[in-house]
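The values are calculated or read from the model by the stated rules, or taken from the named source; none is laboratory data. Just so it is clear, the model here is predicted, and its values are computed rather than measured. Here Cβ is always computed from backbone atoms with ideal geometry, including for glycine, and neighbour counts include all displayed protein chains. Calculation scope for accessible area: heavy atoms of the full protein, side chains included, ligands and nucleic acids excluded. Shrake-Rupley method; radii C 1.70, N 1.55, O 1.52, S 1.80 Å.
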Amino acid sequence: MNLQQYKVIQQSTISSTAIPLNWLQQQDILMPLIYQYAKTLNTDSIATAGSLFLKKLALLTASSSIDYFGFQNKKDDWWSEAYFDLTNFQLLLPYKTFPPLQIDWRHRLLIDFFTPIVKIICKACKIPQKILWENIVIRINRPFRYYATQLPTEKIAQVFHSITECCEEVRPYMSLDEFSGTRQTCCRSYLLPNQTNEKSYCSICPLLT
């Protein structure tokens, strides 16, 4: 399993501070983590922290799942064994043989996992859902950018349509012709404090156009 580029790490021992990934769907667990992440970011804006927490979480989960289950078409179902480590912001997996995939991984990722998390962050952090869903799409696009030059267009289209057909919330922000275009919404990373007093925009921020 080679998912280290998405910060999915196999370890012989799982940190005692890491929690099962699906626990993030519980507000009483998720929100304290976001408040803690706000301290890491040195921001008082819980909306900014919530947005960037989800954006980073989507790298660990959406990018890795689409690469592994979608493009690599692997069937070892590691998801239920994943632990979230906030300290290093990574997913931890044990060294073991994982059971074969027997469910629709797209539905699990987008409907079962992200939909309740988006709703929690939207309400508790007072940030529009459209920003949060586009944060997820930004991470969905990452493996697409890589495989667009490696695989036949038919395979790219197959994975693309399987995702957009599964989840209507991602459709407005996905395009089969462009995986690195300017965002429609702003993730608010430019609001983070920094040492140079210069705003830090992401490279596809709509505020730069």
Of the conditions (1) on the phi < 0 side of the Ramachandran plot; (2) of a type outside the set (A, V, I, L, M); (3) surrounded by fewer than 16 Cβ atoms within 10 Å (Cβ to Cβ), N42 satisfies every one except a single condition; which number is it? (1)
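Considering each of L191, L176 in turn, give the residue that is more than 22 Å from T40 (Cα to Cα) and either touching a Ser or Thr at 6+ places or on another chain (Cβ under 6 Å) or loosely packed, with under 14 Cβ neighbours inside 10 Å (or both). Steps first, answer last, please.
Details: L191 fails: more than 22 Å from T40 (Cα to Cα).
Of the residues listed, the single one that is more than 22 Å from T40 (Cα to Cα) and either touching a Ser or Thr at 6+ places or on another chain (Cβ under 6 Å) or loosely packed, with under 14 Cβ neighbours inside 10 Å (or both) is L176.
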Cβ-Cβ distance below 7 Å, separation of 6 or more or different chains: which pairs start in the stretch 167-186 with a residue that is closer than 22 Å to L109 by Cβ and end on one that is of a type in the set (S, T, N, Q) and open to solvent by 40 Å² or more (accessible area, probe 1.4 Å)? Y173/Q184
Report, by residue number, each residue of the stretch 74-102 that is assigned to a strand (DSSP E or B) and open to solvent by less than 30 Å² (accessible area, probe 1.4 Å). F84, D85, Q90, L91, L92, L93, P94
Take F113 and tell me if it is touching a residue at least 24 places away in the same chain (Cβ under 8 Å), farther than 16 Å from S51 by Cβ and in a helix (DSSP H, G or I). yes
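Against the definition (among the small types (G, A, S) and buried (at least 21 other Cβ atoms within 10 Å of the Cβ)), how does S51 come out, yes or no? Talk me through it step by step, then tell me what you get.
Working: among the small types (G, A, S): yes; buried (at least 21 other Cβ atoms within 10 Å of the Cβ): yes.
Yes.
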Would you mind telling me which numbered condition in (1) at positive phi; (2) not in a loop (DSSP other than H, G, I, E, B) L60 fails? (1)
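State yes or no: is S51 in a helix (DSSP H, G or I), over 30 Å from Q150 (Cβ atoms) and modelled with pLDDT of 95 or more? Lay out the reasoning, then the answer.
Working: in a helix (DSSP H, G or I): yes; over 30 Å from Q150 (Cβ atoms): yes; modelled with pLDDT of 95 or more: yes.
For S51, the condition - in a helix (DSSP H, G or I), over 30 Å from Q150 (Cβ atoms) and modelled with pLDDT of 95 or more - is met.
I'd like to check something: does the stretch 140-149 contain any residue that is of a type outside the set (D, E, K, R), open to solvent by 80 Å² or more (accessible area, probe 1.4 Å) and at pLDDT below 95?
Scanning the stretch 140-149 turns up at least one residue that is of a type outside the set (D, E, K, R), open to solvent by 80 Å² or more (accessible area, probe 1.4 Å) and at pLDDT below 95.
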Options E134, E165: the member that is open to solvent by 50 Å² or more (accessible area, probe 1.4 Å) and charged (D, E, K, R): E165
